[in-house]
1. Could you go through the stretch 275-286 and let me know if any residue there is within 26 Å of Lys197 (Cα to Cα) and modelled with pLDDT under 95.
2. Considering only residues of the stretch 227-247 that are touching a Phe, Trp or Tyr at 6+ places or on another chain (Cβ under 9 Å) and assigned to a loop (DSSP other than H, G, I, E, B), which is farthest from Val41 (Cα to Cα)?
3. I'm trying to understand the selection: among the residues of the stretch 326-353, which are in contact with a helix residue (DSSP H, G or I) (Cβ under 8 Å, 6 or more places away or on another chain) and part of a loop (DSSP other than H, G, I, E, B)?
4. If I filter the stretch 300-319 down to residues being of a type in the set (Ser, Thr, Tyr) and buried (at least 22 other Cβ atoms within 10 Å of the Cβ), which single residue comes out as farthest from Phe345 (Cα to Cα)?
5. Where in the stretch 79-163 are there helices (runs of 4 or more DSSP H), lying wholly inside it, with at least 3 residues that are on the phi < 0 side of the Ramachandran plot and of a type in the set (S, T, N, Q)?
6. Could you tell me whether any residue of the stretch 238-257 is surrounded by fewer than 24 Cβ atoms within 10 Å (Cβ to Cβ) and closer than 22 Å to Lys180 by Cα?
7. Looking at Ala195 and the list (1) part of a loop (DSSP other than H, G, I, E, B); (2) among the aliphatic types (A, V, I, L, M); (3) buried (at least 24 other Cβ atoms within 10 Å of the Cβ), which single condition is not satisfied?
8. Just give me the residues in the stretch 291-325 being assigned to a helix (DSSP H, G or I), farther than 23 Å from Ile269 by Cβ and touching a helix residue (DSSP H, G or I) at 6+ places or on another chain (Cβ under 7 Å), in sequence order.
Amino acid sequence: MKIGIVCYPTFGGSGVMATELGMALADKGHEVHFITYNQPVRLDFISHRLHFHEVVLEEYPLFQYQPYELALSSKMVEVVEKHHLEVLHVHYAIPHAYAAYMAKKMLINKGIHVKVVTTLHGTDITLVGSHPTYKTALEFSINKSDEVTAVSNSLREDTLRLFNIEKDIKVVYNFIDGKKYSNENEVECKRSALANKEERILTHISNFRPVKRTEDVIKIFFEVQKEIPSKLLMVGDGPERLKAENLVNKLNLDGRVLFLGNSDEVAKILCFSDVFLLPSETESFGLAALEAMAAKNAIISTNSGGLPEVNISGKTGFLSNVGDIKDMAKNAIKVLKNDTVLDEFKQNAKEHTSIFSLDTILPQYEAIYKKCYR
């Protein structure tokens, strides 16, 4: 099939998943066209079946904010018409599903019929879409999509609770390509580059927004390192990074906490790690946790949103209430203090990712695309 993918081209989970999905579809023989304002950060043009179309915003003194939805819908029309796309798969309801609906209507006037699949990722529902300013537009966009998916049962339930949705919402989990996350190769994964032999390594990866509670990560690690010789890797960037750095200085953790910034080599970083910390206020799914599990990390997370669907407490890691730093630190210490216990959790985490494998999830999306034309 010829498929257009619309996403945010950033390090966030929705952009990462959409990019990985597009590359996997191309590997299966589909022709995939990314339509967005920048090249997605993880997009690797290793296939002639992958294409990128930039949405360009023109500067006009009349507009305080440039009308991205108009530029995006116009670009969708152009790409669908020129390359004969059959499906537009949009990630995030606002603004992408709204723009896709406008593109679809414009194309109908040209005698061209394209189907729209909308995938809900979380923030578009729980934070943006529930705001009164956007609620009506979001309901309209979802109900006008041909097919709708959500990345967890929790997100599906939230969507049906918050909005008047007439469409069936199918849960299709985020996925992982396990072959990319392996710490079996000791040549590629030299822990000694970051920590002493007796030290454990903990990791956090996010976009450092308030919802990720990055200061909680530092506070949890502060308690852990009192009992367990360890290092903390902070991967990512965002508005809360300065607060996290200031807290590190305040707690005299310099040299024990390393801020690595944004990275497109997450798999290589995670291979060093033993425990992944995710104390988020909410997570619709927790793709970062899944990536960590694929690299044999035990997960210490909150029990919010879709995280209990990913992290199985007592098996792949532990779940705690939001803000319960003491409990998360206690659980991390419990996992880290004994080699046998740690190895068991790490192995369980790796094995659990099999239900989120690319081979399992990709056919589900292909079936949804085909269903549009039944």
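The values are calculated or read from the model by the stated rules, or taken from the named source; none is laboratory data. Note that the structure is predicted; figures quoted are calculated from it, not measured. All Cβ positions, glycine included, derive from the backbone under ideal geometry; neighbour counts span all protein chains shown.
1. No: the stretch 275-286 contains no residue that is within 26 Å of Lys197 (Cα to Cα) and modelled with pLDDT under 95.
2. Of everything passing the filter in the stretch 227-247, Glu240 is farthest from Val41 (Cα to Cα).
3. Of everything in the stretch 326-353, just one residue is in contact with a helix residue (DSSP H, G or I) (Cβ under 8 Å, 6 or more places away or on another chain) and part of a loop (DSSP other than H, G, I, E, B), namely Lys337.
4. Thr302
5. Result: 132-144, 153-162.
6. no
7. (3)
8. Glu309, Ile325
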